[in-house]
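Student: Can you keep this structure in mind? I'll have questions shortly.
The values are calculated or read from the model by the stated rules, or taken from the named source; none is laboratory data. Keep in mind it's a predicted model, so treat the numbers as computed, not measured. Quick reminder, even Gly has a Cβ in these numbers, built from the backbone with ideal geometry, and neighbours come from all protein chains shown. When the accessible area is computed, the model is the full protein with side chains, heavy atoms only, and any ligands, DNA or RNA have been set aside. Shrake-Rupley method; radii C 1.70, N 1.55, O 1.52, S 1.80 Å.
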Amino acid sequence: VARWLDDPAAAPHGGEPLAGLCARVGGWLDSLPPDAGRVLAVVEPAVVRAALVAALGLAPATFWRLDAEPLTLTGLTGRSGRWNLRCGTRLTPSSAADGR
């Protein structure tokens, strides 16, 4: 576990390295067409952290320093190559319905 936590390229038990997860999620973000409009992805916290690392160009080791609270909305606005972060919005029935 320590090796996996210390080295984003490590996959000591044959799983996906952390750097690979960040690259895969970043590839998905980059593949969104410019006219996609709003896209909602319901994902686990690891995918939220990977998306932030990729979108904001952070070092993969930063992954472990990002907290994604359950039942919150983490928003990325902008487009591939130029993402902005909107974080910490609590989900309510009205915010989920209108994407805020």
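Student: Return a yes/no flag: does the range 39-55 have any residue that is of a type outside the set (A, V, I, L, M) and at positive phi.
Tutor: Checked against the condition, which is being of a type outside the set (A, V, I, L, M) and at positive phi, the range 39-55 yields no hits at all.
Student: Taking interchain pairs and intrachain pairs at least six residues apart, which have beta carbon atoms under 7 angstrom, with the first residue in the range 24-48 and more than 17 Å from Leu85 (Cβ to Cβ) and the second of a type in the set (Lys, Arg) and open to solvent by 50 Å² or more (accessible area, probe 1.4 Å)?
Tutor: Filtered contacts from the range 24-48: Pro34/Arg79.
Student: Scan Gly81, Gly26 and give me the residue that is at pLDDT below 90 and either open to solvent by less than 60 Å² (accessible area, probe 1.4 Å) or touching a helix residue (DSSP H, G or I) at 6+ places or on another chain (Cβ under 9 Å) (or both).
Tutor: Just one listed residue meets the conditions, Gly81.
Student: Within the bounds of the range 57-73, is there any residue that is open to solvent by 50 Å² or more (accessible area, probe 1.4 Å), among the small types (Gly, Ala, Ser) and either farther than 23 Å from Asp7 by Cα or in a strand (DSSP E or B) (or both)?
Tutor: Scanning the range 57-73 turns up no residue that is open to solvent by 50 Å² or more (accessible area, probe 1.4 Å), among the small types (Gly, Ala, Ser) and either farther than 23 Å from Asp7 by Cα or in a strand (DSSP E or B) (or both).
Student: Could I ask something else about it? What are the residues in the range 1-16 that are over 17 Å from Glu44 (Cβ atoms) and not in a helix (DSSP H, G or I), if any?
Tutor: Val1, Asp7, Pro8, Ala9, Ala10, Ala11, Pro12, His13, Gly14
Student: Please tell me if Arg86 is in contact (Cβ under 8 Å) with a residue 24 or more places away in the chain, outside any helix (DSSP H, G or I), open to solvent by 60 Å² or more (accessible area, probe 1.4 Å) and over 30 Å from Val1 (Cβ atoms).
Tutor: no
Student: Please work out if Leu76 is at pLDDT 90 or above, open to solvent by less than 60 Å² (accessible area, probe 1.4 Å) and either touching a helix residue (DSSP H, G or I) at 6+ places or on another chain (Cβ under 8 Å) or under 18 Å from Cys22 (Cα atoms) (or both).
Tutor: It is true that Leu76 is at pLDDT 90 or above, open to solvent by less than 60 Å² (accessible area, probe 1.4 Å) and either touching a helix residue (DSSP H, G or I) at 6+ places or on another chain (Cβ under 8 Å) or under 18 Å from Cys22 (Cα atoms) (or both).
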